[in-house]
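Trainee: Handing you this structure, nothing more for now.
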Amino acid sequence: MDEFDGLYQEVILDHNKNPRNFGRMELASHKALGHNPLCGDQIEIYLYVENNIIKDVMFNGVGCAISKASASIMTTVLKGKSIDEVNELFNEFHKALTSRPDEPIDTSKLGKLAVFAGVREFPVRVKCATLPWHTLMEALEKKDSILKME
Ligand code: ZN
């Protein structure tokens, strides 16, 4: 993977190798399985939501370095956030990754997620990075679901 420059690549490789919050959650209030046939990524997201706050989040599955790192980093930023805050973060992340490569990105709103900003230059990889987020939104919306990215 020579697509990313130094530091960002390191962060992504680290999360791929040592994914955070990885495994199954027994008592999930919401879950969804996301599938990106283009790359073969299959990521399952588990949530425990109480009073509109994400109390706990885990993920499981197989995928390329970008989808796994994206899921791992996502789980580290979600805990304690309200559903409204999660929606806002999803919108910012999605907007950044689907923007044109010459458009400026407001990384202050992205926090740790800014490591994926460079992915927008590789359209085939955008679905890998956004899969965990689409799966998260699917889980929040339908509680138990399967999502196939088209
Ligand atoms: Zn992928």
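Trainee: I need every pair where a residue in segment 63-78 that is on the phi < 0 side of the Ramachandran plot has its Cβ under 6 Å from the Cβ of a residue that is within 8 Å of the ligand (Cβ to nearest atom) and in a loop (DSSP other than H, G, I, E, B), sequence separation at least 6 or different chains.
Mentor: Note: pairs meeting the criteria are C64/C39.
To keep it simple, each residue is scored yes or no on (1) within 16 Å of the ligand (Cβ to nearest atom); (2) farther than 14 Å from E138 by Cβ; (3) surrounded by fewer than 18 Cβ atoms within 10 Å (Cβ to Cβ); (4) of a type in the set (A, V, I, L, M).
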position: I12; (1), (2), (3), (4): yes, yes, no, yes
position: E26; (1), (2), (3), (4): no, yes, yes, no
position: N36; (1), (2), (3), (4): yes, no, no, no
position: I45; (1), (2), (3), (4): yes, no, no, yes
position: E50; (1), (2), (3), (4): no, yes, yes, no
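Trainee: Mind checking whether some residue in segment 64-72 is touching a Ser or Thr at 6+ places or on another chain (Cβ under 7 Å) and closer than 21 Å to I12 by Cα? Break it down into steps so the answer makes sense when it comes.
Mentor: Filtering segment 64-72 for residues touching a Ser or Thr at 6+ places or on another chain (Cβ under 7 Å) gives none.
Scanning segment 64-72, I find no residue that is touching a Ser or Thr at 6+ places or on another chain (Cβ under 7 Å) and closer than 21 Å to I12 by Cα, so the answer is no.
Trainee: Evaluate the following for D41: is it within 14 Å of the ligand (Cβ to nearest atom), closer than 16 Å to L136 by Cβ and of a type in the set (D, E)? Steps first, answer last, please.
Mentor: Numbers: within 14 Å of the ligand (Cβ to nearest atom): yes; closer than 16 Å to L136 by Cβ: yes; of a type in the set (D, E): yes.
The answer is yes for D41.
Trainee: Follow-up. For segment 79-107, which positions are surrounded by 19 or more Cβ atoms within 10 Å (Cβ to Cβ) and within 20 Å of H15 (Cα to Cα)?
Mentor: Listed by number, the residues that qualify are L89, F93, L97.
Read-outs throughout are calculated quantities, based only on the coordinates presented, and are distinct from any laboratory measurement. Predicted, not measured: the structure shown is a model, and the values here were computed from it. Reconstructed Cβ throughout: ideal geometry from the backbone, glycine too, with neighbour counts over all protein chains shown.
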